[in-house]
Amino acid sequence: MSSSAALSRAAEAFPPATPAAPWLQSYPAGVPAHIEQDPATSLVDLLETAFRRHASRQAGLFMEQPLRFDALDELSGALASWLQQRGLARGARVALMMPNTPQYMVALAAVLRAGMVVVNVNPLYTPRELEHQLKDSGAEAIVVLENVAHTLEEIIEHTSVRHVVLVALGDMLNWWRGPLVNFVVRHVKKMVPEFRLPLTEGRSVTRFNDAVAEGARRPHSRVAVRGDDIAFLQYTGGTTGVSKGAVLLHRNVVANILQTEQWFRPMLDKVGHKQMTVVCALPLYHIFALTVCYFMGLRLGARNLLIPNPRDLPALIGALSGHRIHMFPAVNTLYNALANDPDFARLDFSELVVSNGGGMAVQQATAEKWLKVTGCPVCEGYGLSETSPVATANRLDLKEFTGTIGLPVPSTEIAIRDDDGRDLPIGERGEICIRGPQVMAGYWQRPEETAQVLSADGWFKSGDIGIMDERGYVRIVDRKKDMILVSGFNVYPTEIEQVVNLHPGVLECAAVGVPDPRSGEAVKLFVVRRDPALDEDDIARYCHDNFAGYKRPKYIEFRDDLPKSNVGKILRRELRSSSSA
């Protein structure tokens, strides 16, 4: 059977939610209770169908230079061939460490088409963070932007990485713009720190364009990728804060693409047959953009406007000018910054039909300002890396702000349960538990931690405390775990504390989240000195060297002691409530 037929065949539907599920009565007209999915269908089937179906369309636009679907097909096939020629076996883990660039789109498809597993890496990681992820995943190859190659240089000898593909920002731009961009990035803006990757026996370092050219000489070996094969190790703190890979199978991500597509369908139909333009400002290494922008965008034949640095608002607004955008996934901080920028308000929003917010809570003031500026309401949703990610979403046809995370998407069940796993009545607070075809297979090589969050019958414990109302809408009211949410990125106190406690001047410490007007929450660190001379600058420098920017404490407070329970456990909740930050 062709991959196109596999995608359209309703061979085996995931069982629909029980008819008693209150959320079904609140579904918009035209949205089904469940998706129809062939569980054998893989992301490779989805990609190759999109390449054929939309061959002449633009799949991406970067610095105003398009990347067509047929070119993405050809280039990713060539890079897949290069990976296979390196002797990497089916199921080998390949890390991708880049911002939103055409090279990312190519590499992501290449790894999957080669039958291998993608390990997404935040390019802002410190050497410590990168080393943990590469070692834990067992990655044998990495495609990395040269701007952060110096980070890889520091730790590569301690990992299993044997093949490095170096990406320069201008690699896929035209004959004159590419070299110009690379010259400016390297020599004018000096954004590429000096690095020297070791060429020990068995290790190769190859430029991206050279790897593609070499791979193009021989077609890649087609691999029979199945729905039950692993597609991603998507790293997250899970429930404990020790970064671990959520094992996402091909069928998990395919399911979430189909679920999200069905939820968006009533609004997407308004666009008609014209090509949609999607703002890809959220990083593709984050599960939200990965599913909603990359995969769903390709399936729908959409064009992704690739934004490598969304913090550069003038550049972002410049990239959007001249385009009529149709879909804009973002987090609250980005919506808020743009809605308050007068230059953004001058853009054309006449065709914007979907503004889907996730990653962190959308604030009412932000949602109201965004609606006023764009005329398109923010549809807030909820999900996790462990759920590929979308689990719930608000209706897209609502103009008013609900303050909820919405309704379970098709083929998804939500239960509110107590600590003993018993279902609670409507209106009572308990842990949000999720079951559906998008739920991960488990944590990579961590069976005990998998068992803590994933039941034998497929229910995932989110760690978030919520309430469901009689209409099926879910509201988050608290967190069972101490995770801190900074601009949509998870920060786990345990990780912060474990690293800071290694500082010789620290006796003990505790990290908590405190409200922050810009990022939703910020990290506050409480420190008990071992060395009386230890000061805030010492801790700040240490954290700068060991944590990506979003994890670094914004506030540091020294105390003589920390509040503890009668068994000696530090009481983070008490620190949060007493914090003046």
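The values are calculated or read from the model by the stated rules, or taken from the named source; none is laboratory data. Keep in mind it's a predicted model, so treat the numbers as computed, not measured. So basically every Cβ, Gly included, is an ideal-geometry build from the backbone, and we count neighbours across all protein chains shown. Just so you know, the surface numbers come from the protein's heavy atoms only, side chains and all, with ligands and any DNA or RNA stripped out. Shrake-Rupley method; radii C 1.70, N 1.55, O 1.52, S 1.80 Å.
Taking only pairs six or more apart or across chains, which ones have beta-carbon atoms under 7 Å, a first residue in region 295-308 that is in contact (Cβ under 8 Å) with a residue 24 or more places away in the chain, and a second residue that is in a loop (DSSP other than H, G, I, E, B) and of a type in the set (Ser, Thr, Tyr)?
Short answer, once both residue conditions are applied: 306/101; 308/101.
Which of the following residues is more than 23 Å from the chain's Cα centre (by Cα) and not in a loop (DSSP other than H, G, I, E, B): 448, 470, 428, 400?
Answer to the selection: 448.
If you scan region 368-397, which residues turn out to be within 26 Å of residue 444 (Cα to Cα) and in a loop (DSSP other than H, G, I, E, B)?
Scanning region 368-397 gives 384, 388, 389.
Every residue, every condition in (1) under 30 Å from residue 337 (Cβ atoms); (2) more than 26 Å from the chain's Cα centre (by Cα); (3) of a type in the set (A, V, I, L, M), yes or no:
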| residue | (1), (2), (3) |
| --- | --- |
| 496 | yes, no, yes |
| 509 | no, yes, no |
| 512 | yes, no, yes |
| 536 | yes, yes, no |
| 544 | yes, no, no |
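Does residue 560 satisfy the criteria of being closer than 30 Å to residue 334 by Cα and either open to solvent by 90 Å² or more (accessible area, probe 1.4 Å) or assigned to a strand (DSSP E or B) (or both)?
no
Would you please name the residue that is modelled with the lowest pLDDT, looking only at residues in region 220-250 that are in a loop (DSSP other than H, G, I, E, B) and among the small types (Gly, Ala, Ser)?
Among those residues, the one meeting the criterion is 238.
Report, by residue number, each residue of region 563-581 that is among the β-branched types (Val, Ile, Thr) and either within 14 Å of residue 512 (Cβ to Cβ) or at pLDDT 65 or above (or both).
Across region 563-581, the qualifying residue is only 570.
So residue 217 fits all but one of (1) loosely packed, with under 12 Cβ neighbours inside 10 Å; (2) part of a helix (DSSP H, G or I); what number is the exception?
The number of the failed condition is (2).
Which one is farthest from the chain's Cα centre (by Cα) among residues in region 321-340 that are surrounded by fewer than 21 Cβ atoms within 10 Å (Cβ to Cβ) and assigned to a helix (DSSP H, G or I)?
Going through the qualifying residues, I end up with 339.
Can you report the number of residues in region 341-364 which are crowded, with 20+ Cβ neighbours inside 10 Å and among the small types (Gly, Ala, Ser)?
Residues flagged as crowded, with 20+ Cβ neighbours inside 10 Å and among the small types (Gly, Ala, Ser) within region 341-364 amount to 4.
Would you mention how many residues in region 403-425 are assigned to a strand (DSSP E or B) and either out of contact with any strand residue (DSSP E or B) (no Cβ under 6 Å at 6 or more places or on another chain) or crowded, with 20+ Cβ neighbours inside 10 Å (or both)?
Of the residues in that region, 5 qualify.
Specify the residue that is most open to solvent (accessible area, probe 1.4 Å); the eligible residues are those in region 52-79 that are farther than 14 Å from residue 172 by Cβ and free of Cβ contacts under 8 Å to residues at least 40 places away in the same chain.
56
Return the residues of region 157-201 that are polar (S, T, N, Q) and either part of a helix (DSSP H, G or I) or surrounded by 14 or more Cβ atoms within 10 Å (Cβ to Cβ) (or both); say none if nothing qualifies.
159, 160, 182
Across region 365-402, which residue is surrounded by the fewest Cβ atoms within 10 Å (Cβ to Cβ) among those that are of a type in the set (Val, Ile, Thr) and touching a strand residue (DSSP E or B) at 6+ places or on another chain (Cβ under 9 Å)?
By that ranking, first place goes to 402.
Going by the structure shown, is residue 113 of a type in the set (Lys, Arg) and touching a Gly at 6+ places or on another chain (Cβ under 9 Å)?
So residue 113 fits the description; yes.
Is it the case that residue 457 is over 23 Å from residue 27 (Cα atoms) and open to solvent by less than 40 Å² (accessible area, probe 1.4 Å)?
no
In this structure, does residue 279 turn out to be out of contact with any Asp or Glu (no Cβ under 7 Å at 6 or more places or on another chain), under 19 Å from residue 409 (Cβ atoms), of a type outside the set (Gly, Ala, Ser) and modelled with pLDDT of 95 or more?
No; evaluated as a whole, the condition is false for this residue.
Quick one: residue 125 ticks every box in (1) open to solvent by less than 20 Å² (accessible area, probe 1.4 Å); (2) under 18 Å from the mean Cα position of the chain (by Cα) except a single one, so which number is it?
(1) is the only condition that residue 125 fails.
Confirm whether residue 298 is touching a strand residue (DSSP E or B) at 6+ places or on another chain (Cβ under 8 Å), at pLDDT 95 or above and open to solvent by less than 10 Å² (accessible area, probe 1.4 Å).
Yes, satisfied.
Identify, please: which residue in region 514-531 is over 29 Å from the mean Cα position of the chain (by Cα) and of a type in the set (Lys, Arg) and is, among those, surrounded by the most Cβ atoms within 10 Å (Cβ to Cβ)?
529
Read through the list (1) of a type in the set (A, V, I, L, M); (2) in contact with a Phe, Trp or Tyr (Cβ under 8 Å, 6 or more places away or on another chain); (3) under 13 Å from residue 414 (Cα atoms), then give the number of the only condition that residue 454 fails.
Against the list (1) of a type in the set (A, V, I, L, M); (2) in contact with a Phe, Trp or Tyr (Cβ under 8 Å, 6 or more places away or on another chain); (3) under 13 Å from residue 414 (Cα atoms), residue 454 comes up short only on (3).
From 425, 408, grab the single residue that is closer than 27 Å to residue 24 by Cβ, of a type outside the set (A, V, I, L, M) and without any contact (Cβ under 8 Å) to a residue 12 or more places away in the chain.
425
Give the residues of region 491-513 that are crowded, with 21+ Cβ neighbours inside 10 Å and modelled with pLDDT under 85, sorted by residue number.
492 - this is the single residue of region 491-513 that is crowded, with 21+ Cβ neighbours inside 10 Å and modelled with pLDDT under 85.
Before we move on, is residue 510 part of a strand (DSSP E or B), touching a strand residue (DSSP E or B) at 6+ places or on another chain (Cβ under 6 Å), among the small types (Gly, Ala, Ser) and more than 26 Å from residue 363 (Cβ to Cβ)?
yes
Yes/no matrix, rows are residues, columns are (1) open to solvent by less than 10 Å² (accessible area, probe 1.4 Å); (2) farther than 21 Å from residue 137 by Cβ; (3) of a type in the set (Phe, Trp, Tyr):
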{"position": "245", "(1), (2), (3)": "yes, no, no"}
{"position": "255", "(1), (2), (3)": "yes, yes, no"}
{"position": "273", "(1), (2), (3)": "no, yes, no"}
{"position": "312", "(1), (2), (3)": "no, yes, no"}
